[in-house]
Structure formats: C-alpha cells, structure tokens
Amino acid sequence: MKLYGSQTSPYVRRIRLLLASRPYEFINLNIFAGPDREILASINPTLRIPMLEDDAQVIFDSGVIFRYLSAKLALTALNWYQENQLIVINAVSDSLVMLLQCNRSGMDTAEDKLFFNLQRERVATSLYVLEQQAANAEFAKWDYVAMALYSLIDWTLFRELVELDDYPALLQFVADNAKQNGITQTDPRLS
C-alpha cells in the first residue's frame, strides 16, 4: 500500500495513525507546487490528499480510505454516533483549512465577511461539542475517531489557528495520547 499526502495534513495523519502498526509506504508530497503537484494531478483529479494506492486501485478522501481499510483489515465499523463525531471533527478541520488557505492568500480572515464568519462560527460550535465529549471521556478508546480528533487538535496547536485554553478536556486528550503508536513519526512539526 502507498499513502500519498503531506506531513502536515490532519487528514493524512489520521490514516497514518490508523496504519501505524501495518506496513505501507508514505509518499510525502508538496501539494502546492512543482513535480509533486504534477504527481497529485496525475493520480487524483480532485487535487486533494490523502489518497491510497493499493492493488492497482486508488482511493480518494480520508473517509473513503477508512472505509476501504476497514473492509480490507477487518476493522470495527463506526456506529452512527461515531460517524456524527467524525462529521463534527471534519467540520472543524475543513473550516480551519479554508481559513488557513485564505490567510496564506493574503486575505484578512478576521474581517466581518459572511464566509469568514460562517467558518469561525462552525469552528466555535463544533469545538464546544468536542470539548463536552472529551470531558465525558468519549474518546478514551484509541480508535479512528480518536485518531482524527488527535490529528485535528494537534494540527490546530501546530498552526496556532485557534486559542485552545477554553478547551481543557481537548488539551488533556492530546496530552494523554501523545505516546500512542505513530504519534512521533506523524508529527506535523517534522515537516
């Protein structure tokens, strides 16, 4: 199996954590320019990561990759509650990625503009829910949902996108899982 992505992507990291105890090749791409961008475009028309190549097929999107790996590796499927938790995690991730890209494009994301306001609102309401769930120890088991949450929160800290002092349970969750298999190798700070 080959996993294409970047060291800094929280979506890639969650798959890398899932595969931490299994053999696979990680292909670290600079998805924004040069030959790596060409590789990405030649494989995936959406120009997004991660993507998994296995048995002559390419699977796009972390969610689809998880479902593929669940079937291939006989992993426990997510229940509906966990699916909803993952949607909340993805909502925060998506909004923060968009805000980061807007910032890097020279836009002032602190402006009172509908797009920026909607993203900030989604982040705040979703983080509030995740904080309550973390406080209730709903992520105590190191499973795919916990891996996705860890990837998001650690990436948010790395990028300094949101002040997380108001989310002590989420910060404690990251501290409690800092020694899980694959955390060190997948750290976005290694990029």
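The residues of region 76-103 that are at pLDDT 95 or above and either open to solvent by 50 Å² or more (accessible area, probe 1.4 Å) or not in a helix (DSSP H, G or I) (or both), listed by number, are LEU78, ASN79, TRP80, TYR81, GLU83, ASN84, ILE87, ASP94, MET98, GLN101, ASN103.
Being under 24 Å from LYS72 (Cα atoms) and of a type in the set (S, T, N, Q) is the requirement here; does SER42 meet it?
No, not satisfied.
Within region 142-166, the set of residues being over 18 Å from ARG16 (Cβ atoms) and open to solvent by 10 Å² or more (accessible area, probe 1.4 Å) comprises GLU160, LEU161, VAL162, GLU163, ASP165, ASP166. Of the listed requirements (1) under 18 Å from ARG13 (Cβ atoms); (2) open to solvent by 40 Å² or more (accessible area, probe 1.4 Å); (3) over 15 Å from the mean Cα position of the chain (by Cα); (4) not charged (D, E, K, R), PHE139 misses just one: (2).
The set of residues in region 39-75 that are part of a strand (DSSP E or B) and surrounded by 10 or more Cβ atoms within 10 Å (Cβ to Cβ) comprises MET51, LEU52, GLU53, ASP54, VAL58, ILE59, PHE60. Counting the residues of region 8-38 that are in a loop (DSSP other than H, G, I, E, B) and closer than 17 Å to ILE65 by Cα gives 7.
Here is a yes/no grid of residues against (1) more than 27 Å from GLN180 (Cα to Cα); (2) among the aromatic types (Phe, Trp, Tyr); (3) in contact (Cβ under 8 Å) with a residue 12 or more places away in the chain:
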site	(1), (2), (3)
VAL88	no, no, yes
ALA91	no, no, yes
ASN103	yes, no, no
ASP108	yes, no, no
ALA134	no, no, yes
ALA137	no, no, no
LEU149	no, no, yes
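The values are calculated or read from the model by the stated rules, or taken from the named source; none is laboratory data. Treat the numbers as computed from the prediction; the structure is a model and nothing was measured. Note: ideal-geometry Cβ built from the backbone for every residue, glycine included; neighbour counts use all protein chains shown. Remember, those area values only see protein heavy atoms, side chains included, never the ligands or the DNA or RNA. Shrake-Rupley method; radii C 1.70, N 1.55, O 1.52, S 1.80 Å.
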